[in-house]
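Here is the structure we will look at, set down as structure tokens.
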Amino acid sequence: MKNIIKHIIMFIIILFSFALLFTVNWLYKTFGNLTLEEVVFQLKVPMVGTNADFYFDYAKNVLPYILISTIASFSLLCFIFKKKKYKKPKAKRMKGSHADPGTSLVVYKKFRIDTKFLGKMICSFAILTISLVYTTNRTNLTEFLKYQWSNSDLIENEYVDVSSTNIEFSENKRNLIYIYLESMEATFFSKENGGAYDESIIPELEQLAVDNISFTCSDKLAGLYSLPGTTWTTGAMTAQTTGLPLKIPIEGNSYGEYDSFLPGVTSLGQILKDEGYKQMLMIGSNAEFGGREHLFKQHGDYEIYDFSSAVAEEKRTKDDFVWWGYPDRDLFEYAKEKLTLLGQEEQPFNFTMLTADTHHVDGFPCEDCEEKFDQQYFNVLACSSKKVKEFVDWIQEQDFYENTTIIICGDHPSMQPETFTQIENEGYIRTVYNVIINSAVETENTKNKNCTTIDMFPTTLASMGVKIEGEKLGLGTNLLCDKDTLMAKYGLEYLKEELNKNSRFYNKKFIYENK
């Protein structure tokens, strides 16, 4: 029985080793430049509504390797260290003994070391060590822990609190339509306008950026930088509505609880709610995934319209779930219906939406997608570009458009595996797409702005004609004015270094306040 238990422990060690090794390898192959901060966050929030393709891919391409490697290694070690049958030693007569000649004494060792099993365990722990070393290096675990144990005063020193800042709306309050485009980068522009490709992948979106206000960190149309804590959807939406990265201390709260999503933060939604705005968040996936529902419900009491809402309205059935929910072609049609109703009301509105077709891996090609490029992902991007332009054209034909600001912004850089390896090796720096249409404030100072996605928080309000004392909110700076951003003040690398660190001020004020 003891022998069976020992071998079960050995099997578990080997199984854990290969599970860790192959899972980490799959995560980085599938999700690209994944950060441990995002991994920690996703472990703390609901996974309801996750694209089932990821589960199928994991089951197909990871689980078999884990099981085969574990069984093969276990069997091989058992064969190599095969235990020989123990033969009972012959009795020996003790020399000089006064014992009766007819009797014999057998000498047994009180403690006998099982060298064969010891060899198996040494090899098992060697496999575990290799797995842990690989995982540590691949995930930059050492650096992550170093940052968690250090403290930065940057946020404490630079944060501008909404509650202590004078924010003045005009009498005629403008509507806001804010469109988050999944994984949309300025990288997909043509080289002529700062992109990475000879031919534009997203020509319609590129032209919108040319014709309207689009901020860039270069002298061309390259867009906004994405800082640590803003490189996945919920982090990106947090950054653009609060001017703060989404930081997750290891000991932090669940973020998925209804009463605990950054309770100490005042966001764009809360500001607009206090000004009497009707607010809605529309997404084609399940809003609960990643804590997005809690972010917008707790910070502005948005009406949420997602896949479940479409089912409740009998526009879909539960069996119609594809990709992340329903395709963007339907998302835009539903958005037109809701905007038509909002435009008929007297109160101003804030309509926020998030696309999903351009999510990795390879995107979701709807029936309207053309096969213009060799890569499916590029065809989906091109299709998204057309649909966004068609949607903007529709908005501009509506009566409410004259008093409406439209902001279109990528949420974060794409995680599409291996797509950007070559251009990054050549030194190209990827940035996030952005454009402001029908802004209440005009500017020609849009290039070389040293700007990040956190700057969209005060910039959004300013584009609606709101006057902000000091032109700063959160860590963001109004890009429609000439004030220096934090990136201009400190530089990109220093900002990344400091925002990667733990911030006791952030934890106390934004996460644990009122708890």
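The values are calculated or read from the model by the stated rules, or taken from the named source; none is laboratory data. Source: prediction; values computed, not measured. All Cβ positions, even for glycine, are placed from backbone atoms using ideal geometry, and neighbour counts span all protein chains on display.
Do any helices (runs of 4 or more DSSP H) lying entirely in region 383-500 carry at least 1 residues that are surrounded by 23 or more Cβ atoms within 10 Å (Cβ to Cβ), and which ones are they?
In region 383-500, the matching helices (runs of 4 or more DSSP H) lie at 456-463, 486-490, 492-500.
Considering region 184-218 alone, what residues qualify as being under 20 Å from residue 376 (Cα atoms) and either assigned to a loop (DSSP other than H, G, I, E, B) or touching an Asp or Glu at 6+ places or on another chain (Cβ under 7 Å) (or both)?
184, 189, 190, 195, 196, 198, 199, 200, 201, 202
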State yes or no: is residue 377 in contact with a Gly (Cβ under 6 Å, 6 or more places away or on another chain) and not aliphatic (A, V, I, L, M)? yes
From the list 446, 477, 460, 485, pick out the single residue that is over 21 Å from residue 160 (Cβ atoms) and among the hydroxyl-bearing types (Ser, Thr, Tyr). 446
Considering region 162-177 alone, what residues qualify as being farther than 25 Å from residue 345 by Cα and surrounded by 19 or more Cβ atoms within 10 Å (Cβ to Cβ)? 162
Over 23 Å from residue 169 (Cα atoms), of a type outside the set (Asp, Glu) and free of Cβ contacts under 8 Å to residues at least 12 places away in the same chain, is that true of residue 433? no
Taking the criterion of being part of a helix (DSSP H, G or I) and either without any contact (Cβ under 8 Å) to a residue 40 or more places away in the chain or at positive phi (or both), would at least one residue in region 271-284 satisfy it? yes
Taking only region 57-76 into account, find how many residues are outside any helix (DSSP H, G or I) and either in contact with a Gly (Cβ under 8 Å, 6 or more places away or on another chain) or among the hydroxyl-bearing types (Ser, Thr, Tyr) (or both). 0
Could you check region 315-328 and list, in sequence order, the residues that are surrounded by fewer than 19 Cβ atoms within 10 Å (Cβ to Cβ) and either in contact (Cβ under 8 Å) with a residue 24 or more places away in the chain or under 24 Å from the mean Cα position of the chain (by Cα) (or both)? 321, 322
Among 296, 351, which is under 29 Å from residue 399 (Cβ atoms), assigned by TED's automatic domain parsing to the domain that holds residue 183 and part of a helix (DSSP H, G or I)? 296
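Out of region 343-358, which residues are buried (at least 19 other Cβ atoms within 10 Å of the Cβ) and either hydrophobic (A, V, I, L, M, F, W, C) or farther than 20 Å from residue 412 by Cα (or both)? Talk me through it step by step, then tell me what you get.
So in region 343-358, the residues buried (at least 19 other Cβ atoms within 10 Å of the Cβ) come out as 348-358.
Of everything in region 343-358, those that are buried (at least 19 other Cβ atoms within 10 Å of the Cβ) and either hydrophobic (A, V, I, L, M, F, W, C) or farther than 20 Å from residue 412 by Cα (or both) turn out to be 348, 349, 350, 351, 353, 354, 356.
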So in region 178-195, with the set limited to residues that are touching a Gly at 6+ places or on another chain (Cβ under 7 Å) and touching a residue at least 40 places away in the same chain (Cβ under 8 Å), which one is surrounded by the most Cβ atoms within 10 Å (Cβ to Cβ)? 186
Pick from region 180-238 the residues that are acidic (Asp, Glu) and within 22 Å of the chain's Cα centre (by Cα): which of them is nearest to residue 37 (Cα to Cα)? 182
